[in-house]
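The values are calculated or read from the model by the stated rules, or taken from the named source; none is laboratory data. If you're wondering where the values come from, they're calculated on a predicted model, not measured in any experiment. Cβ: placed from backbone, ideal geometry, glycine included. Neighbour counts: every protein chain shown. Only protein heavy atoms, including side chains, enter the accessible area calculation; ligands, DNA and RNA are left aside. Shrake-Rupley method; radii C 1.70, N 1.55, O 1.52, S 1.80 Å.
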Amino acid sequence: MQIEKVFENNEQWIAKKLSVDPHYFENLSKGQSPEILYIGCSDSRVTAEDLMGLQPGEAFVHRNIANMVISIDLNMMSVLNYAVRHLKVNHVVVCGHYFCGGVKAAMQAQDLGILNPWLRNIRDVYRLHKTELNTITDENQRYNRLVELNVQEQCINLIKTAAVQNAYKERGLKVHGWVFDIQTGKLIDLKIDLEKELKGIREIYDLG
Ligand code: CO
């Protein structure tokens, strides 16, 4: 791909949008009221709006390596607080994907420098679910199960935050755990029972 091509693509995209609605960009500039906060992986194969069929303005997006929700990550927490408290999204989604390079790296004994502390959070997910994961003999299956469990744990990290707890009480904000299957293009809802999870951890993580 030639980098100049991006600007040609952009011109074509503008023309296409304006041919359908001459006021498209004018309206876009007026503001946003997305329904969804999407937290996904930075992986170039896993887009956000594209795979959900959403248009600009419909999803607030945060992406990082392996779709992690880490309480001291100022970037993630700023996005979360802005989306939940100010934009008042009604859904927060953590979307992982099978064959995630970040999750794979965390399963290997390898020094990856600055990535070590980031990936350690995935190793912690492994440790929490070691009993289940170690019963899976097929390496790819174990790897993809860790992808799912990582999504689940990141959803639990979301419900530990005051922003999510308050919005849940106020307006029934919902947290969803999804996985994108790169091999089929399918988006899978892991149907994590977060109300049950919240009940199980409320005595420890309740922020009042
Ligand atoms: Co990934």
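Along the charge dipole of the chain, pointing to its positive end and built from +1/-1 on Cβ of Lys, Arg, Asp and Glu, which listed residue (117, 22, 62) has its Cα farthest out? Sorting the options by dipole projection puts first 117.
The portion of the accessible surface of the chain made up by carbon and sulfur, rounded to a whole percent, is 53 (1.4 Å probe; DNA, RNA and ligands excluded). Listed by chain and number, the aspartates and glutamates whose alpha-carbon sits under 20 Å from that of residue 17, ignoring those within fewer than 8 places in the same chain, are 8, 26, 49, 50, 58. In the elastic network of the chain, a GNM with C-alpha springs shorter than 10 Å, the most mobile of 105, 48, 15 is 15.
On a full-extension model of 0.36 nm per residue, what is the gain between residue 196 and residue 13, subtracting their alpha-carbon distance, rounded to one decimal in nm? Let's see the in-between values first.
Numbers: separation 183, 0.36 × 183 = 65.88 nm, distance 4.44 nm.
The residue 196-residue 13 span can extend by a further 61.4 nm.
Mind putting a number on the dipole of region 109-208 about its Cα centre? Charges go on the C-beta only, +1 for Lys and Arg and -1 for Asp and Glu, and I need it in Debye to the nearest 20. All intermediate terms of the calculation are to be shown ahead of the outcome.
Values: 15 positive and 15 negative charges, 41 e Å.
Approximately 200 debye in magnitude.
About the Cα centre, and with charges only on the beta carbon of Lys, Arg (+1) and Asp, Glu (-1), how big is the dipole of the chain? Nearest 20 debye, please. Please report the intermediate quantities before stating the final value.
Working: 24 positive and 26 negative charges, 91 e Å.
Roughly 440 debye, rounded to the nearest 20.
Taking label points 7 Å from Cα along the Cα-to-Cβ direction, residue 110 and residue 135 give a separation of 2.9 nm.
Once you sort the root eigenvalues of the Cα gyration tensor of the chain as a ≥ b ≥ c, which label holds: rounded (a/c under 1.5), prolate (a/b larger than b/c) or oblate (the other case)?
On the way: a/c = 2.09, a/b = 1.31, b/c = 1.60.
Oblate shape, in that a/c is at least 1.5 and b/c is the bigger or equal ratio.
For the chain, modelled as a GNM whose springs connect Cα atoms under 10 angstrom apart, the maximal fluctuation among 102, 57, 185 occurs at 185. The alpha carbon centroids of region 97-114 and region 9-49 are separated by 31 Å. Distance between the pseudo-spin-label points of residue 3 and residue 58 (7 Å out from Cα toward the beta carbon): 3.2 nm.
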